[in-house]
Structures are given as C-alpha cells and as structure tokens.
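The values are calculated or read from the model by the stated rules, or taken from the named source; none is laboratory data. These numbers were taken from a predicted model, which means no experiment stands behind them. Backbone-built Cβ (ideal geometry, glycine too); neighbour counts: all protein chains shown. Only protein heavy atoms, including side chains, enter the accessible area calculation; ligands, DNA and RNA are left aside. Shrake-Rupley method; radii C 1.70, N 1.55, O 1.52, S 1.80 Å.
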Amino acid sequence: MMPHRFDQTILREYDIRGIVGESLFAADAFAIGRSFAATVRAAGGRNVAVGYDGRLTSPELEAELVDGLAEGGLDVLRVGRGPTPMLYYAAATLGVYGGIMVTGSHNPPDHNGFKLVLEGKPFYGPAIQKLAETASGLGPATEMRGRVEERPIVDEYIARVLRDYDGERPLTVAWDPGNGAAGDVTSRITALLPGRHILINAAIDGNFPAHHPDPTVPENLVQLQQTVRDHGCELGIAFDGDGDRIGVVDARGRILWGDQLMIVLARDVLARIPGAQILADVKASQVFFDEVAKLGGRPLMLPTGHSPIKAKLAETGAPLAGEMSGHIFFADRYYGFDDAVYTAVRLLGILARSSESLADMVDKLPTVINTPELRLPCEEARKFAIVEEIHRRLRQRRADISDIDGVRVRCADGWWLVRASNTQAIIVARAEASSEAGFAQVKAELAAELAASGLSLPNL
C-alpha cells in the first residue's frame, strides 16, 4: 500500500467522520485499518473487534476496514450490525486490545465515520491526528496477515443489558429508535421486558425515512410525543442513529434534557452509593449541580465531549456521568461507556420501583427558565478567538467565571455560557435564570458579549 492522505475535514476531535463519496472513501477505511493496526501492535496488542451501524454505506466501509486491520497483522472479531455501545461491550468483554465502530452517529444519511477505542479507553484528540501521520507513512505490509472471525455478540449484549433491570411494576412505554442501529436490539429487549411497549421506527433503515436520528432536536421527538399521548404511555424513549445518546419525554410530552434525566438517575445511584461523585458537562443546568449536592452527592462540572467525560469517569471512579447531549455513562454495575439502551433499562427500573411517575418527578424539580443549546454559526478560524476575547473582557471586570470549557458566567439570578464547538464551525451558547427578570438580564449580558465580538444572539 502507498502512503495515504485523508481529507483533513474528516479528522474530528472525538471521531473520524465525513460525507461518503465527497470527503470519505472506502480507501480511507482501509487506511484507518492499517494505521490502527500499527498503533495497536506498537502497544503490544494483537486483536480488535469491529462493528457497524445501519447506514447504507456501512457494510462496504466495514469490509475495507477489516481488510486493512488484517493486512496490518491484527486478528479481527466481526461482531456484526448493531448500536455503538454493542461494539463498546465487545471491546470490554472479548479480550481484545481495541475496537472500531463504523458509524455516522446522528448525522445525515450520506455521512459515515469511525469511533475507536484502545485498551478500554476512548481514542480521540491527538491520537486521531497521529493515526493520520501513521497513514502518511504506510508502505507494503510486513506483518503476517491476521485472522478474521465472525463473532456475533448481540445475544450476549442484550442479556447483559437486561441483567440490571430491577423494576417491580409493569410500565407502558413508547420507543423510537429512529430507524437507527439500535432498532433490532430495542425490538428484542422490549419483547423481554414486562409491561406494554409501543415501538415506532424500529426497522433499521439508513435512509432515516421518519425523521433525522437526533433525539436532542425537539422536532425529531414530535412523533414519539404523539405516540405517548395516543397510547397513554408513562414515558417515551428515543435513540440517536447509533444508540449511544438518549432522548426522553414524560407522559405529558415534556422533553427531559440530559441534565434533567441525570437528576432522576443520580437520585437512584446516590441512594445506594451515598456521597458519590456525579459528573456532568459545562452545559448542564445549575439545577443539576444543586440537586446532586442536596442529595448528598458531589457534583463535578467537566468540559463537554463524550470522550473526555468517559476518561474522567474512569479516572475518578465516579458511578455516573452525563451530558446535555444525551450521552449517559454508567460505571455503577456497568462498564462506564455511553449506552443509551442500557440507560433506558436503568431508567425503567427506577420508575417501576417508584410510586411516582416520571412526570411527578419532573414537576418536583426547581423551575428555571433557560434557552436550549444555541448553535451560532461562526468562522472556524474565529470561534476560539471569540471565546478568548469574551474571557479576557470578563476577567478585566472580575466576573464570576468558570473557564474549564469556554466561559460559564455566574450572575445574581442565573448563568450563561459561551464555548467553541470542537467538531463544527459554531459557537455554543446557553443561558438560564430562576425568574423572568433574571432571564432577561442574563440574555442581555450574553447578547452584549457576543455582539462585542461580532456575533448576534437569535430572538428567544
């Protein structure tokens, strides 16, 4: 093989991702296989697991990836089609040194990509850039070709997820896998759970005919909300395209964002592990941090990003972590990776042991007024500079700030956040307050700071 060069736009912070036929090609998959094989062998490893999602281009990319890994001297276990956490489960339990999932996650149908793990840890940031360097120096393979084995793991994965269900009463639940890779697994798991389960969009279809497979966008939950109403469900559960992010709606159709869901989950974990540390990203509501502290837990705010959060979870030994985006990580009784299907089963267990419904739990949370996650288009070259300009101005005014990821500013009646996305040419902003007057004030402060750096806040 000749040295290989990737389109630089596909080398993201947390994964490798591009538009198939435009920036991402089958040859890239083969080169990723060869380069990752060299990385694994250099670390003393000899085998990896590979899975793929339901996108139309995934089988071809998976075949090329496997060929590259084997050509690079690794034995490859092909675990089959399923959600990304099924591949993570394989990497954690099959005695392999690493794993690669072929997935376009929650992106449009013509996108695809790769998520990687090495020695049980997420493979991201500089490691992905180093993979590209390795590819640029590739020559003919010098290792003996590795063996390729079909090793379906879906039965074991389903059994493991169900093992931690601990509910006591049957529930009526609506499910929407969004025609994504978790569809088959969801169908099989719900057939084995007690209660009544109504599934929509469970057939895996890489065209995503019903709606875009991203449960953090309200319009993608409309069909689920209607199903909850039509069937009198206690809740509805949605997954993204590769099953590592969860969306939840209650019986009244209200969306529970990641930080609200985390409060429900943390309450249960802290009842069994008093004083535990619970992790959430910088975009989470202040309500989350306050509620965890009230429950006797130790909340820790982290930079956004599923890979660094996963790494911090392992470092701290915390039992639970989560992101606003719906990545939830259970180390309590599980492996510490983001698994939306497992999270759903744990949530159902909590609700099926409680005399309160999910809607009751939501009603009892402190009321705040907040924006959704605002995504402001911005020139790639300017996004980090804008955040630094805002940071500098706030420091000069001695504002109460946290700068672990962008700038989060505490005000008298709330807070606001500005951070640069690691994966897109956007600035992410959020604002929250406990009163209408406070909300107007924090929005005005946020808008003024953005305007001073040439960005405008949309009307809210």
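So the values come out like this:
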item: Under 19 Å from the ALA210 label point (7 Å along Cα→beta-carbon), backbone N, region 51-78; result: 53-56
item: In nm, spacing of pseudo-spin labels at ASP403 and VAL368 (7 Å Cα→C-beta vector); result: 2.3 nm
item: Region 347-378 residues near the modelled ALA444 label - backbone nitrogen below 19 Å, point 7 Å along Cα→Cβ; result: 369-371
item: Cα-based shape type of region 260-333, given that a ≥ b ≥ c are square roots of the gyration tensor eigenvalues and the cut on a/c is 1.5; result: oblate
item: Qualifying trypsin sites (Lys or Arg not before Pro) for region 60-159 [loop in DSSP, other Cβ within 10 Å: at most 14]; result: ARG145, ARG147
item: Listed peptides 103-110, 449-456 by packing density, highest first (mean Cβ within 10 Å); result: 103-110, 449-456
item: Rounded Å value of the spacing that divides the Cα centres of region 349-365 and region 137-209; result: 26 Å
item: DSSP-defined antiparallel bridges as percent of all bridges, the chain, nearest 5; result: 60 percent
item: Value of relative contact order over region 58-164, rounded to a whole percent, pairs C-alpha under 8 Å and six or more apart; result: 40 percent
item: Accessible surface of the chain [probe 1.4 Å, protein heavy atoms]: carbon and sulfur percent; result: 51 percent
item: Mean separation of Cα contacts under 8 Å, 6 or more apart, over the residue count of region 95-237: relative contact order %; result: 21 percent
item: Distance from region 26-76 to region 104-126 (C-alpha centre basis), Å; result: 13 Å
item: Solvent-accessible heavy-atom area per residue, rounded to whole Å², over region 1-143 at 1.4 Å; result: 36 Å²
item: Cα-Cα P(r), region 334-460, percent of pairs per 10 Å interval; result: 12, 33, 26, 21, 8, 0
item: Simple label model, 7 Å out from Cα along Cβ direction - ALA43 to ASP413, nm; result: 5.0 nm
item: Relative contact order (%) - criterion: Cα under 8 Å, at least six apart; region: the chain; result: 12 percent
item: Gyration tensor verdict on the chain (Cα atoms; rounded if a/c is under 1.5, prolate if a/b is larger than b/c, oblate otherwise); result: oblate
item: Subset of LYS383/LYS443; LYS115/LYS383; LYS283/LYS310; LYS364/LYS443; LYS312/LYS383; LYS294/LYS443 violating a 23 Å alpha-carbon distance limit; result: LYS115/LYS383; LYS364/LYS443; LYS312/LYS383; LYS294/LYS443
item: Cα→Cβ-extended label distance, 7 Å offset, between GLU60 and VAL222, nm; result: 3.3 nm
